[in-house]
Amino acid sequence: MIASHSVAILVATGLYTAVALLQLFVPRTSLSLIFGVQTDDRFTLLIARHWGLLAALVGSLLVYAAFHPEVRAPVVVVAIVEKLTLAGLAFFGSWRRTPAATRTAVVDVAIAVLLLLVLAA
C-alpha cells in the first residue's frame, strides 16, 4: 500500500523540508519563530543560515529521489537521520522548548516514520 504512494510521500516531505531554505535568508526571524531565540550574534546567524541550506538540500534530494529510485535508499536514510537527530536534540536538549520547536520535532518524527515505511516498501 505505501509503495504506491512513495512518490507522493517523497515529494510532499521533500517540499516541506526544503522550506527550511527560508532560514538562509531570514535567520533571525526563523530562530525567533521556531526556537524563541533573539540574537544578533554573527556566528549563530551563520550556523542558522548554513543549517537552513543543508535542510533544504535534504528536502531537494527527497524530491529528486521520488523520481530516481536508484538513489532512493541512501537519500531516505540520510533524511531519516537528519530528522531524528533534530527531533532528538529538540526533545532532549538543555534549552527552553517552544511550541513551534516541539511541533517541528513531532512532525520530523512523523516524517521519519513515513520515510522508514517508504524504505521498507
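If the condition is being buried (at least 19 other Cβ atoms within 10 Å of the Cβ) and either farther than 10 Å from D108 by Cα or of a type in the set (V, I, T) (or both), then the range 73-86 contributes V75, V76, I80.
With respect to H50, is the statement that it is surrounded by fewer than 15 Cβ atoms within 10 Å (Cβ to Cβ), closer than 22 Å to L119 by Cβ and touching a helix residue (DSSP H, G or I) at 6+ places or on another chain (Cβ under 9 Å) true?
Numbers: surrounded by fewer than 15 Cβ atoms within 10 Å (Cβ to Cβ): yes; closer than 22 Å to L119 by Cβ: no; touching a helix residue (DSSP H, G or I) at 6+ places or on another chain (Cβ under 9 Å): yes.
It is false that H50 is surrounded by fewer than 15 Cβ atoms within 10 Å (Cβ to Cβ), closer than 22 Å to L119 by Cβ and touching a helix residue (DSSP H, G or I) at 6+ places or on another chain (Cβ under 9 Å).
Matching residues to (1) of a type in the set (V, I, T); (2) assigned to a helix (DSSP H, G or I); (3) in contact (Cβ under 8 Å) with a residue 40 or more places away in the chain; (4) closer than 21 Å to R97 by Cβ:
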position: H5; (1), (2), (3), (4): no, yes, no, no
position: L22; (1), (2), (3), (4): no, yes, no, no
position: S30; (1), (2), (3), (4): no, yes, no, yes
position: L33; (1), (2), (3), (4): no, yes, yes, yes
position: F43; (1), (2), (3), (4): no, yes, no, no
position: A48; (1), (2), (3), (4): no, yes, no, yes
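Condition (residue is closer than 30 Å to S6 by Cα, surrounded by 15 or more Cβ atoms within 10 Å (Cβ to Cβ) and touching a Leu at 6+ places or on another chain (Cβ under 7 Å)) applied to the range 87-105: is it met by at least one residue? Yes, that holds for at least one residue. Residues that are out of contact with any Asp or Glu (no Cβ under 8 Å at 6 or more places or on another chain) and either modelled with pLDDT under 95 or among the polar types (S, T, N, Q) (or both) do occur in the range 79-87, at least one of them.
Kindly evaluate F35 against the criterion of being at pLDDT below 95, farther than 30 Å from M1 by Cβ and within 15 Å of the chain's Cα centre (by Cα). Walk me through it before giving the result.
Numbers: at pLDDT below 95: yes; farther than 30 Å from M1 by Cβ: yes; within 15 Å of the chain's Cα centre (by Cα): yes.
Answer is yes for this residue.
Output the qualifying pairs, or none if there are none: Cβ atoms under 7 angstrom, residues six or more apart or on different chains, first residue in the range 91-116 and in contact (Cβ under 8 Å) with a residue 12 or more places away in the chain, second residue outside any helix (DSSP H, G or I). Every condition considered, the pairs that remain are R96/G36; T98/G36.
For the range 86-121, filtered to residues that are part of a helix (DSSP H, G or I) and charged (D, E, K, R), the residue that is farthest from A8 (Cα to Cα) is R103.
The values are calculated or read from the model by the stated rules, or taken from the named source; none is laboratory data. Since the model is a prediction, treat every value here as computed from it, not as a measurement. Ideal geometry is used to build each Cβ from the backbone, glycine not excepted, and the neighbour counts take in all protein chains shown.
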